[in-house]
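The structure appears right after this line, and notes come after that.
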Amino acid sequence: MAIIRFLGGAVLAAAIAGGAPTATAIAADAAPSPSPEKMALARQLVEASGGANQLKAVLQTLFRGMSANVDTSLPADQKRLRDALIERIQTRIVAVSPELMESTVRVYAQNLTDQELRDYLAWLQSDSGRALMRKLPQITGDSVREMAPVLNQVTQGIRQDVVDEVCAQAKCTAHDKEVLAAMINKSVPKRPG
């Protein structure tokens with residue numbers, strides 16, 4: 001049963017992380033399919049912008065989050081199932097990586113004009129574009145490290161406030177409030193002190 005709760009939580013976390021569809025996304029779904037030529041141009045752009053590496057980084061982050069969720073969600077007597085569970089989920093997600101990449105290509109093709117795709121691709125293939133692509137992992141890592149103290153400070157201050165606000169709006173019972181507080185305390189790590 002804990003495994004089923006974990007899987008449901010993983011799906012929910014992925015949905016939350018992905019966010020609700022935007023008006024643009026809904027309109028893109030209704031938009032006519034881009035021409036094969038435009039899809040080829042978008043595919044070149046995604047390749048030149050390091051799309052495969054970006055997908056790999058996103059999946060690694062997803063897998064780390066799933067592992068952490070399993071570690072905290074599985075009862076001790078089911079921990080032996082952790083590695084098998086994570087491996088199976090990762091295998092299935094990695095198997096659809098080509099579809100995920102194609103989805104990204106389609107989004108670029110639906111949202112950018114042919115000229116915008118060509119201009120962006122030309123810039124990515126320029127000396128400046130290639131330099132940025134080489135430096136982007138370092139820039140991203142440095143950005144995350146710079147943001148971490150601010151985010152940590154904010155998350156420390158929201159625990160009780162969030163529970164109080166939600167319960168005021170939803171008219172929580174005392175039990176509801178305890179459950180929410182426990183969930184927040186579990187998902188937002190305490191700052192080492």
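Failed condition for residue 172, given (1) modelled with pLDDT of 80 or more; (2) in a helix (DSSP H, G or I); (3) of a type outside the set (Val, Ile, Thr), with all others met?
Against the list (1) modelled with pLDDT of 80 or more; (2) in a helix (DSSP H, G or I); (3) of a type outside the set (Val, Ile, Thr), residue 172 comes up short only on (2).
Are any of the residues in segment 143-157 farther than 25 Å from residue 183 by Cβ, in a helix (DSSP H, G or I) and of a type outside the set (Ser, Thr, Tyr)?
yes
Could you look through segment 130-170, keep only residues that are among the acidic types (Asp, Glu) and over 24 Å from the mean Cα position of the chain (by Cα), and pick out the one that is surrounded by the most Cβ atoms within 10 Å (Cβ to Cβ)?
Of everything passing the filter in segment 130-170, 164 is surrounded by the most Cβ atoms within 10 Å (Cβ to Cβ).
Just the residues that are more than 25 Å from residue 87 (Cβ to Cβ) and free of Cβ contacts under 8 Å to residues at least 12 places away in the same chain, please, taken from segment 43-72.
47
Test residue 127 against the stated conditions and say whether it is under 15 Å from residue 49 (Cα atoms) and either surrounded by 11 or more Cβ atoms within 10 Å (Cβ to Cβ) or in contact with a helix residue (DSSP H, G or I) (Cβ under 6 Å, 6 or more places away or on another chain) (or both). Can you show your working first?
Details: under 15 Å from residue 49 (Cα atoms): yes; either surrounded by 11 or more Cβ atoms within 10 Å (Cβ to Cβ) or in contact with a helix residue (DSSP H, G or I) (Cβ under 6 Å, 6 or more places away or on another chain) (or both): no.
No.
Looking at segment 108-125, is at least one residue without any contact (Cβ under 8 Å) to a residue 12 or more places away in the chain, farther than 20 Å from residue 42 by Cα and of a type in the set (A, V, I, L, M, F, W, C)?
Taking every residue of segment 108-125 in turn, none turns out to be without any contact (Cβ under 8 Å) to a residue 12 or more places away in the chain, farther than 20 Å from residue 42 by Cα and of a type in the set (A, V, I, L, M, F, W, C).
Answer yes or no as to whether residue 119 is part of a helix (DSSP H, G or I), under 20 Å from the mean Cα position of the chain (by Cα), of a type outside the set (Lys, Arg) and modelled with pLDDT of 85 or more. Full working, then the answer.
Working: part of a helix (DSSP H, G or I): yes; under 20 Å from the mean Cα position of the chain (by Cα): no; of a type outside the set (Lys, Arg): yes; modelled with pLDDT of 85 or more: yes.
Spelling it out, it is not the case that residue 119 is part of a helix (DSSP H, G or I), under 20 Å from the mean Cα position of the chain (by Cα), of a type outside the set (Lys, Arg) and modelled with pLDDT of 85 or more.
If you check residue 110 against the conditions, is it surrounded by 13 or more Cβ atoms within 10 Å (Cβ to Cβ) and over 18 Å from residue 51 (Cβ atoms)?
So residue 110 does not fit the description; no.
The values are calculated or read from the model by the stated rules, or taken from the named source; none is laboratory data. As the structure is a prediction and not an experimental result, all values here were calculated from the model. Neighbour counts are summed over all protein chains in view; Cβ atoms, including those assigned to glycine, are modelled from backbone coordinates with ideal geometry.
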